[in-house]
Amino acid sequence: MRHLKKGRSLGSDASHSKAIMRSLALALLVNERIKTTERRAKEIRGFVDRIITWGKRGDVHSRRLIIAALGGEKKVINPATGKQDLEMSYRVIHDIAPRYAEREGGYTRILKLGPRKGDNASMVIMELVE
């Protein structure tokens, strides 16, 4: 039974769902646009919004919360250059969050694509709002 279990199960146990959320959130913050299922996109929407809100505060505590939420500080590969990029918490605080200084929330957008061929799962594009 799922008593007091928060969120969607995403078809797996809690540790795997947590890993999926971290992975998708990191991919969204790096690429600013991902293609995934509607169920997963709706689940990570609040997670990503919370990370960007911490980035808007920009203090040491917020940086540590971002690092913890994304599963530790890792350097990421920049898809444009193919080289290792800045640490993700630095990028959230200095590159992504300042774009949303005047915005109170709702930093992501979900655009529906239709069903996936094969298993008929509803696919979406999730992107950061400009």
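Go through the stretch 12-30 and report how many residues are more than 16 Å from ILE125 (Cα to Cα) and touching a Lys or Arg at 6+ places or on another chain (Cβ under 9 Å).
Residues that pass the stated criteria total 3.
Test of understanding: among LEU70, LEU86, LEU28, LEU10, which residue is under 23 Å from VAL129 (Cα atoms), touching a Ser or Thr at 6+ places or on another chain (Cβ under 8 Å) and modelled with pLDDT under 90?
LEU70
Please verify whether the stretch 32-42 includes one or more residues that are without any contact (Cβ under 8 Å) to a residue 60 or more places away in the chain and not in a helix (DSSP H, G or I).
Scanning the stretch 32-42 turns up no residue that is without any contact (Cβ under 8 Å) to a residue 60 or more places away in the chain and not in a helix (DSSP H, G or I).
Within the stretch 87-112, track down each residue that is assigned to a strand (DSSP E or B) and surrounded by 13 or more Cβ atoms within 10 Å (Cβ to Cβ). Let's see the steps before the verdict.
Taking the stretch 87-112 and keeping what is assigned to a strand (DSSP E or B), we get 87, 108-112.
Those that are assigned to a strand (DSSP E or B) and surrounded by 13 or more Cβ atoms within 10 Å (Cβ to Cβ): GLU87, THR108, ARG109, ILE110.
For LEU65, state whether it is under 27 Å from LYS117 (Cβ atoms), at pLDDT 90 or above and aliphatic (A, V, I, L, M).
No: the conditions fail for LEU65.
Restricting the stretch 19-28 to residues that are touching an Asp or Glu at 6+ places or on another chain (Cβ under 9 Å) and closer than 8 Å to ILE44 by Cβ, which is surrounded by the fewest Cβ atoms within 10 Å (Cβ to Cβ)?
So, considering only residues that are touching an Asp or Glu at 6+ places or on another chain (Cβ under 9 Å) and closer than 8 Å to ILE44 by Cβ, the one surrounded by the fewest Cβ atoms within 10 Å (Cβ to Cβ) is LEU24.
For LYS18, which of the numbered conditions (1) out of contact with any Phe, Trp or Tyr (no Cβ under 8 Å at 6 or more places or on another chain); (2) at pLDDT 95 or above fails to hold?
(2)
In the stretch 7-18, what residues are exposed (fewer than 13 other Cβ atoms within 10 Å of the Cβ) and part of a helix (DSSP H, G or I)?
ALA14, SER15, HIS16
The values are calculated or read from the model by the stated rules, or taken from the named source; none is laboratory data. Because the structure is predicted, anything quoted here is derived from the model rather than measured. Don't worry about glycine lacking a Cβ; one is built from the backbone with ideal geometry, like all the others, and counts go over all protein chains shown.
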